Amino acid sequence: MPRNGWANILIRVQNHGLVYYRFSKLGSEGGPRHAFFTRLGGVSAPPYASLNVGASVGDDPRAVEANRRRCYAALGLAEQQVVTCYQVHSDVVLPVTPADGGKVVESTDGLCTNSVGLALFLRFADCVPILLYDAEHQAIALVHAGWKGTLAGIAARAVQAMREHYGSRPEAIHAGLGPAIGPCCYEIGPDLAEPFARRFGDAVLRRHAAGGQSLDLPAANARVLAEEGVRHIEHAGLCTACRVDEFFSHRQEGGQTGRLAALAVL
């Protein structure tokens, strides 16, 4: 469910039938244009209705391409300005340049750049979208953090990649954690609770309403970022499983669903 005060952090935008969210602070004062899209405003038929951008879920490829173009147009982007990747639940974060525009990077779950006008594009359905912005060096990163990537420390890898490639100072990086499944809906078993307890203690585990345990995946990634020295962290506080009216949720919809788009560009 939404955290207290989320409306002051997020701005809900309606643009030619599309609905997306952006962080108010991250998008101000020269920050990156960015959008965490909802499922609304696309052309896909159920169970992918309607703004599905995932090409590997069984949807009509023509609908997927049309939906992606709608997302690009919402931020004023051409297809050749956008770079994406094959997401594999890894801890890999790679730098990209304008030479990568229009391409798909192999087997990675995070991209970073300091190139103005080059857009980063990833897909989600409960996993945590993480946007990082360094105003000092004008660099961004966009990360896909599922439970595997979270345990592997992909959020930390993103900070390290920005430091290595662009000279970013962690304390100067601003982070935004987009809509993702919340602890209200992410019930887990001992096989997953145990490694998270070893890594994070009890800080990210909650007692679930059904009597078991649930995982606060956004909180786990926020802690990883804080351990790397990131001080400015905003939470969207929107649970994708609670809000299937607006978001795709792999957990809530039994795996038969689409993928949400996240875009960011300097």
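Give the average over all directions of the projected area of the C-alpha convex hull of region 158-261, one decimal, in nm².
Numbers: hull surface 31.3 nm².
Mean shadow area of the hull around the Cα atoms is 7.8 nm².
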For region 67-145, which GluC sites (Glu not before Pro) are in a loop by DSSP, counting at most 14 other Cβ atoms within 10 Å? E106, E136
The residues L266, L260, sorted from fewest to most surrounding Cβ atoms within 10 Å, come out as L266, L260
State the answer as a single residue: which of A172, A197, A135 lies farthest towards the positive end of the charge dipole of region 122-266, with beta carbon charges of +1 for Lys and Arg and -1 for Asp and Glu, about the Cα centre. A197
The distance between the Cα centres of region 142-188 and region 190-266, in whole Å, is 11 Å
Report the charge-dipole magnitude of the chain in Debye, nearest 20, computed about the Cα centre from +1 at each Lys and Arg Cβ and -1 at each Asp and Glu Cβ. 400 debye
For region 191-266, which trypsin sites (Lys or Arg not before Pro) are in a loop by DSSP, counting at most 13 other Cβ atoms within 10 Å? R231
Quick check on the chain: helices-only [θ] at 222 nm, where DSSP H runs of length 4 and up contribute -39,500 (n - 2.57) each and the sum goes over total residues. Nearest 500, please. -6500 deg cm²/dmol
Label-to-label distance, nm, for residues given as E227 and E136 (7 Å Cα→Cβ offset): 2.3 nm
How big is the charge dipole of region 41-163 about its Cα centre, in debye rounded to the nearest 20, if each Lys and Arg gets +1 on its Cβ and each Asp and Glu gets -1 on its Cβ? 80 debye
Would you kindly calculate the mean projected area, averaged across all directions, of the convex hull enclosing the Cα atoms of region 112-226, in square nanometres? 7.2 nm²
Work out, step by step, the length gained on full extension between H89 and H16: first 0.36 nm times the residue separation, then minus their alpha carbon distance; give nm to one decimal. 23.0 nm
Using a Förster distance of 30 Å, how high is the FRET efficiency between Q80 and S24, based on the Cβ-Cβ distance and rounded to 0.05? 0.50
As an exercise, identify the trypsin sites (Lys or Arg not before Pro) in region 90-185 lying in DSSP coil whose Cβ has no more than 14 other Cβ atoms within 10 Å. K103
If you count the DSSP beta bridges with both ends in region 23-182, what percent of them are antiparallel, to the nearest 5? 70 percent
Using only the alpha-carbon atoms of the chain as identical scatterers, what base-10 log of I(q)/I(0) does the Debye formula give at q = 0.09, 0.16 Å⁻¹? -0.36, -1.22
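Each reported figure results from applying straightforward, stated rules to the coordinates on display, with no laboratory input. Since the model is a prediction, treat every value here as computed from it, not as a measurement. Don't worry about glycine lacking a Cβ; one is built from the backbone with ideal geometry, like all the others, and counts go over all protein chains shown.
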